[in-house]
Amino acid sequence: MIGDMIAKIRKEKGISKTELSRRTKINIGHLTHIEKGERNPSQKALKNICKALDVPYQQLMLTYGKTINEDQETYNVIEHISYNKVLAIDSINGFIDCPAEFPSSSIAIKINDDSMDSSFNKGDYVFVELNSPLNSKDIGLFSLNNEILIRKFYSRKGGKIILKPENKNYDEITLKDSDKFYIIGKVLG
């Protein structure tokens, strides 16, 4: 997945592999292997790549070692993972213990509504693994048109994405091409 993200960013920024190789002093053949997912960059190489692409290192590091399955390819997960944005937190309540069964969690988020009532109650904390690709029926933390949501994620044929609440008093959301949508992470529990 990290190679896919590097290739996406490089192409969005209009930088050729030759130019990225020149900027990073990484052999173009090695860069090709990285972008194809055949090799992972070392941390030093990733830092150099991020610097050359002018993107934050930590966001890409969160994708390190993660792979994309066929379902995730269908909904083009790479287009929905943010590489240049970080989650803004308006208040900090301190630290809470991270359960051992969620070793990959990055943050804990307090639920502020009852949209996911059968799984989580308002006021509960959920543990989130940032920048994690989702499979259908996973619960995720999302940014949709600058609003943060926790919903169950569904990927349908043709790459159609649906976000479903568990509380029937809330409407499900079918994403439109015009929506500004990012997967922040996977809710672990």
Inset, instruction - Looking only at the range 80-87, decide whether some residue is small (Gly, Ala, Ser), within 20 Å of Ile150 (Cβ to Cβ) and without any contact (Cβ under 8 Å) to a residue 24 or more places away in the chain. - result: no
Legend entry - Selected residue (only one of Ile183, Ile148 is under 19 Å from Lys122 (Cβ atoms) and hydrophobic (A, V, I, L, M, F, W, C)): Ile148
Legend entry - Failed item, numbered, when Lys137 is tested on (1) among the basic types (Lys, Arg); (2) closer than 27 Å to Lys36 by Cα; (3) modelled with pLDDT of 90 or more: (2)
Legend entry - Every residue from the range 105-124 that is under 20 Å from Ala88 (Cα atoms) and either within 19 Å of the chain's Cα centre (by Cα) or surrounded by fewer than 16 Cβ atoms within 10 Å (Cβ to Cβ) (or both): Ser105, Ser106, Ile107, Ala108, Ile109, Lys110, Asn112, Asp113, Gly123, Asp124
Inset, instruction - Might you let me know whether the range 67-79 holds any residue that is over 16 Å from the mean Cα position of the chain (by Cα) and surrounded by fewer than 16 Cβ atoms within 10 Å (Cβ to Cβ)? - result: yes
Legend entry - Cβ-Cβ under 7 Å pairs, at least 6 apart or on other chains, the range 90-117 side under 15 Å from Glu129 (Cα atoms), far side of a type in the set (Asp, Glu) and at pLDDT 90 or above: Ser104/Glu129; Ser105/Glu129; Ser106/Glu129
Legend entry - Filter result for the condition that a residue is closer than 26 Å to Asn135 by Cβ, assigned to a loop (DSSP other than H, G, I, E, B) and out of contact with any helix residue (DSSP H, G or I) (no Cβ under 8 Å at 6 or more places or on another chain), over Thr67, Thr63: Thr67
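To keep it simple, each residue is scored yes or no on (1) among the polar types (S, T, N, Q); (2) in contact with a helix residue (DSSP H, G or I) (Cβ under 6 Å, 6 or more places away or on another chain); (3) crowded, with 18+ Cβ neighbours inside 10 Å; (4) within 19 Å of Glu73 (Cβ to Cβ).
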| residue | (1), (2), (3), (4) |
| --- | --- |
| Arg23 | no, yes, no, no |
| Gly29 | no, no, no, no |
| Ile34 | no, yes, yes, yes |
| Asn48 | yes, yes, yes, no |
| Pro56 | no, no, no, no |
Inset, instruction - Take the residues in the range 30-44 that are assigned to a helix (DSSP H, G or I) and either at pLDDT below 95 or not hydroxyl-bearing (Ser, Thr, Tyr) (or both), then tell me which one is farthest from the chain's Cα centre (by Cα). - result: His30
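The values are calculated or read from the model by the stated rules, or taken from the named source; none is laboratory data. These numbers were taken from a predicted model, which means no experiment stands behind them. Quick reminder, even Gly has a Cβ in these numbers, built from the backbone with ideal geometry, and neighbours come from all protein chains shown.
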